[in-house]
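Asks: Pasting in a structure now, in structure tokens, and then I'll have a few things to ask.
The values are calculated or read from the model by the stated rules, or taken from the named source; none is laboratory data. Remember, it's a predicted structure, so these values are computed and weren't measured experimentally. For accessibility, only protein heavy atoms count, side chains too; no ligands or nucleic acids. Shrake-Rupley method; radii C 1.70, N 1.55, O 1.52, S 1.80 Å.
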Amino acid sequence: MTSPFKPPSAAGRPAFPVRLKPDMGVPSATKQVVVNPRPAGVKGMNELKRPVQSVVPGGVGLDSHAVRARMVHKLVAQGVSDAQVLAAMGRVERHRFVDSALANQAYEDTSLPIGLGQTISKPNVVARMLELLRLGAPGKLGRVLEIGTGCGYQAAVLSHLATEVYSIERLRGLHDKARENLRTFRLPNVHLLFGDGMMGFARGAPYAAIIAAAGGESIPPAWIEQLATGGRLVAPMQTATGAQALVVIDKTAQGIRQTMLEPVHFVPLKSGTN
Ligand code: SAH
């Protein structure tokens, strides 16, 4: 982790899969396309197919790999098929990001409070969004921007899927908590930033991918601007009926393609810091 708003050094910049053409403007018109149903097929890592011992009171401890393997096994059954996402979810100890009183629920398919009225999404939703973000890419993503660090869990998972992770949080209390939570993991490619994520983080742009854990009425223009051509954005967003759904935005040389997916329930995207 580095200190807040430390610009990435030009020399240290990772190779980027796509280049932003200097003359490319961001098209203002967005195109609505058909809903992409969640893949129904269940396939994934072979080693996940073997039965995993379940957690029983007084049995397998939360530090055990078996506890996370069981969660991953459930994700596979729910339709998550990206082996890299499953492997990353299997590596990060989720119980270390929640209050000790809630630790025994950390691997259940449930969202959990993380303080200051915010929540950590259920594993299924985290995996789904990361899978959409990766779009089945064979290797790691380049630089990724996350809006809404919260407790830092998703940033930790992302650290295994991207070369660099820039994660912004607008609540100082949670930014500090995430820093504390992530300290023991020693993830040098995670950069925690305190600020209003609605403005993105221009100094790290362009991003191969942008992911938001909070939903507003629309996608802030800064996010689209800071997304690389060929890059993808996944976020919750308000729909025409006032509900909330996942939206995927692909930035291509031809323009912006927006796809609305399934309904979700994320905390609101708010402006300013607190
Ligand atoms: N990915 C997080 C989920 C946190 S919940 C995790 O793994 O824990 C969403 C977070 O988005 C909240 O902490 C909320 O404070 C934050 N948020 C909302 N609006 C924001 C904004 N404009 N900029 C940065 N963070 C924001």
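Asks: Using protein chains only and a probe of 1.4 angstrom, how many square angstrom of His73 are accessible, to the nearest 10?
Replies: Looks like 60 Å² after rounding.
Asks: Under the rule of at least 5 residues apart or a separate chain, name every residue whose amide H is placed under 5 Å from the amide H of Glu164.
Replies: Amide H neighbours of Glu164, under 5 Å, 5+ apart: Arg143, Val144.
Asks: Going by amide H atoms built from the backbone, whose H comes under 5 Å of the H on Val80, apart from near neighbours?
Replies: Placed amide hydrogens put nothing under 5 Å from Val80.
Asks: Related question: Run the count for region 63-268, please: Lys pairs, Cα-Cα under 24 angstrom, 8 or more apart or on different chains.
Replies: Here the count comes out as 5.
Asks: Sequence-distant or interchain residues sharing an amide H contact under 5 Å with Val264, placed H: which?
Replies: Gln244, Ala245, Leu246
Asks: Short version: ³J(HN,Hα) in whole Hz for each residue of region 173-183, in order, from phi by Karplus 6.51 cos²θ - 1.76 cosθ + 1.60 (θ = phi - 60°), x for Gly and Pro, what are they?
Replies: x, 7, 4, 5, 5, 4, 4, 5, 4, 7, 3
Asks: Please calculate the 1.4 Å probe accessible area of Thr110, with all protein chains present, and give it to the nearest 10 Å².
Replies: Here the residue's solvent-accessible area equals roughly 40 Å².
Asks: Still on this structure, please answer the following. Order Phe185, Phe201 by their accessible area, 1.4 angstrom probe, all chains in place, largest first.
Replies: The ranking, largest first, comes out as Phe185, Phe201.
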